[in-house]
Amino acid sequence: MGFRVILCMAAPLAIFGQTICPPTPRYTPCDIAFELPTGAAGDLKAEFRSPHAATALVNAFHDGGTRWIVRYTPVEVGEHAFRVTSTDPAWNGKQGTFTATGADRPGWVRAVNVHHFAHVEGNDLKPHLWMGAVVPNFSKMDLAAWKSMVDTRAAQHFNHLGVTLVAESDAAAYQSPEFFRAAEAKIRYANDRGILIDVAFFGPNGLMSKLLPTRPDRRKWFLYALSRLEAFDVTWQGLEEWETYPDGKELLKEISEYLAELDPYKHTRSSRTATTSAPLIDDGWLRYRSYRDPEGQTSAVEQQVFQYPAVNDFGATAKDPAEFRRRLWTSTANGQYPATLVPDETDANQMKVWYEFMQGTRHWELEPFFDVDNGRATALDGVEYVVYVEKPGPVTVNVEKQGYDVEWLDPATGERTKVKTKGKAEEVTFTPPNNNHDWVLHISREGKKAGMLKTYKFESREPPLALQDAEGNPEKVPFEIVEPAADELSLSKPVQFSVKLKRDSKALRKMSYQWTGEVTVSGHSYRVIGVGATGTFQIPESIAATYPAALHVKLTGMNGLGKVYVIDRNYVLNR
C-alpha cells in the first residue's frame with residue numbers, strides 16, 4: 001500500500017525509553033505519545049514499515065499541553081517498525097517497534113460490483129451489507145448516552161452511524177484537542193463494536209465557509225483533523241447538505257484533495273446531501289452516492305445510469321412505522337442501502353428484520369428487476385428475486401425456468417411463511433398469506449447459492465452489469481414537456497411543471513421522473529428541482545451567481561421496465 005502525508009510541526013524532548021504500544025489488534029489505532037516543550041517548533045513524523053514491507057509516513061498532531069501523538073493503524077499481523085525523523089537532531093533517527101495481533105475484523109470498506117460494497121484486503125473480498133443510522137447532535141451527546149445508543153444499535157445489526165463532526169454550536173471549540181478527544185472516544189467505542197462512523201465534517205448552510213473562510217484556514221484544519229481521525233474505521237461524508245453551500249461542489253473538490261493527500265488508508269468517500277450527491281461524480285473523487293430521497297424517484301432513475309453504490313437517508317419524515325417500512329423496502333428494490341435517521345425503536349427493529357433477511361441473500365449482486373406485476377423487485381436473475389409488495393394481492397414474476405425455494409416475509413415482524421411449489425415455469429404467481437399489510441416475496445435457489453459461495457467468483461454475472469445510456473432521440477422518447485411553456489422563469493413566482501405521454505403501453509403506465517436544472521457557467525453542477533409528472537419547481541437561488549441566467553432543464557424518465565429516456569429545454573431564469 002502506498003502512503004502520502006503532510007506533517008504537523010513539533011519539537012523533540014527526549015529519546016524513547018519505554019514500550020511504544022501494547023500488542024495491538026490489527027485495524028485498531030496505535031497511539032505513540034511524545035512530550036515536547038510548550039511552544040516547540042519543528043518537523044516530527046514517523047515512517048512505519050509493516051511485516052510485508054509496506055510503508056506509511058504519518059504526521060504527529062498536538063493533543064494539548066506538551067503532548068503530541070503519532071496515530072497509526074496496522075493492517076497486518078506481526079512486528080511493525082518505525083523510525084522518527086525531525087528537523088531537530090535530538091529526535092531524528094530514533095526507532096521503535098510494536099506488535100500487531102490477530103483480530104476478527106475485516107478490511108476497509110470499498111465500492112465493488114458497480115453498485116455494492118465489500119471489505120477488501122488485497123484480492124480478498126467479503127460482502128458488506130451497509131445498514132446505518134444518522135445520529136443528530138453528535139458533539140453534544142455525552143459519552144454514556146453514546147455508549148448506550150451504540151450498544152442498542154449494534155444489537156440490532158447496525159454497522160454504520162452517520163454523524164456531523166462540527167455543528168453550528170461548536171464554533172468556539174472545533175479546533176481544540178478537547179473537542180477532538182471527545183469525538184475520538186465515541187468513534188473508538190463504536191469501532192470496537194464493529195460499527196463504522198460516517199463523518200460529515202461540517203454542518204449545512206455554509207458553516208465551513210463561515211468558520212474557515214480561506215483555503216489556508218481550511219488546509220490547516222483538515223491537516224489537523226485528518227491526522228486525528230484517519231486511523232479509525234470511518235467513511236468520509238464531506239459536508240452536511242452540500243447543496244446549501246453556494247460553492248459546495250468546489251469546496252468538496254478541495255476537501256477531496258486533502259483526503260487524497262493526507263488519508264493513507266483511502267477511506268471511501270461521498271458527501272451528505274439534501275437530495276443527491278450524484279452531481280459530484282464527474283469530479284472523480286466520489287466513491288459512493290448519497291441520497292435523501294424518501295419516495296425514491298431520483299435514486300431509482302440515477303441507479304440505472306450512474307456507477308458506485310448508493311446509500312439513502314429515507315426515513316426522517318415518515319409519519320408512522322408502515323410508511324417507514326415502505327420507504328425502506330422501496331429503497332432496497334431501487335438498489336439503495338439504508339442509512340437514515342431512525343425515529344424510534346419500532347423502526348429500528350424493522351431495520352433489524354431487514355438486515356437479518358438481507359444477510360441471507362446474495363445482496364452484493366442484487367440489482368433492480370422490473371419484470372414484476374404488483375411489486376417492486378431486486379434480483380440476481382436465475383438465482384434470487386426479492387419482491388416488495390406494498391399492496392397485498394397476487395404477484396406475478398417472470399423468472400428463469402428453474403426450481404425455486406419460495407417464502408413470504410412479514411417485514412414488520414420477520415416471520416416467514418414457506419410456499420409449496422410445483423414444477424418449473426418462467427412466469428410464476430403467488431398470493432400473500434393475508435391482505436392485512438405489506439409483504440416481501442423471496443424466490444431463490446438456496447442450493448445454487450450455497451454452491452456459488454464455494455466455487456463462484458465474488459461477481460457471477462456474465463457479462464458483468466452494464467450501465468444504461470439514456471435514450472435521447474426525440475422520436476424515441478415517449479414523453480414531452482408541457483410546462484413550463486414560457487421561455488422565461490422567475491424565482492419570485494411558482495413555476496409549474498408537467499409532462500405528457502405521447503403514447504400508451506403497460507411499461508409507460510409506471511413512469512418515474514426526475515427534473516434537474518443547471519446554470520452551466522456557474523460551475524455548481526445540476527440540482528434536482530422536481531420529481532414526478534406534475535408539480536412545482538424548487539429552484540435554489542444559489543444555482544446561479546448572476547441573473548438573468550441561462551437555465552438548462554433536463555427531464556429524465558424511467559419506464560416500468562427500467563428503460564431510461566431524457567429530453568431537455570433551455571430557459572431564461574430571472575430573480
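Each reported figure results from applying straightforward, stated rules to the coordinates on display, with no laboratory input. Model, not experiment: these values are computed from the prediction. Counting neighbours? That spans all protein chains shown, and the Cβs are built from the backbone with ideal geometry, glycine included.
Based on DSSP, what percent of beta bridges with both residues in the chain are antiparallel, to the nearest 5?
Given both bridge residues lie in the chain, the antiparallel proportion sits at roughly 75 percent.
Give the residue list of GluC sites (Glu not before Pro) in segment 358-443 that are DSSP loop and have at most 11 other beta-carbon atoms within 10 angstrom.
The qualifying sites are E415, E426.
Would you give the gap between the C-alpha center of segment 440-516 and the C-alpha center of segment 281-302, rounded to a whole Å?
When both Cα centres are located, 14 Å separates them.
Using all C-alpha to C-alpha distances in segment 517-572, build P(r) with 5 Å bins and read off the rounded percent in each one.
4, 18, 27, 23, 14, 9, 4, 2, 0
What number, rounded to the nearest 500 deg cm²/dmol, is the helix-based mean residue ellipticity at 222 nm of the chain, given -39500 (n - 2.57) per DSSP H run of at least four residues and division by all its residues?
-6000 deg cm²/dmol
So which of K319/K510; K147/K249; K319/K352; K266/K554; K448/K510; K126/K506 end up more than 28 Å apart by C-alpha?
K147/K249; K266/K554; K448/K510; K126/K506
Are there GluC sites (Glu not before Pro) in segment 432-500 that DSSP puts in a loop and that have at most 11 other Cβ atoms within 10 Å, and which ones?
Counting only loop positions with at most 11 other Cβ atoms within 10 Å, the GluC sites (Glu not before Pro) in segment 432-500 are E475.
Which of S525, S490 has the fewest other C-beta atoms within 10 Å, and how do the rest follow up to the most?
With the sparsest Cβ surroundings first, the list reads S490, S525.
For segment 24-101, build the convex hull from the C-alpha positions and give me its volume per residue in Å³.
78
Go through segment 310-368 and name the trypsin sites (Lys or Arg not before Pro) that are in a DSSP coil and have 12 or fewer other Cβ atoms within 10 Å of their Cβ.
K319
Pairs of alpha-carbon atoms within less than 8 angstrom and 6+ residues apart define the contacts here; what relative contact order does the chain have, in percent?
10
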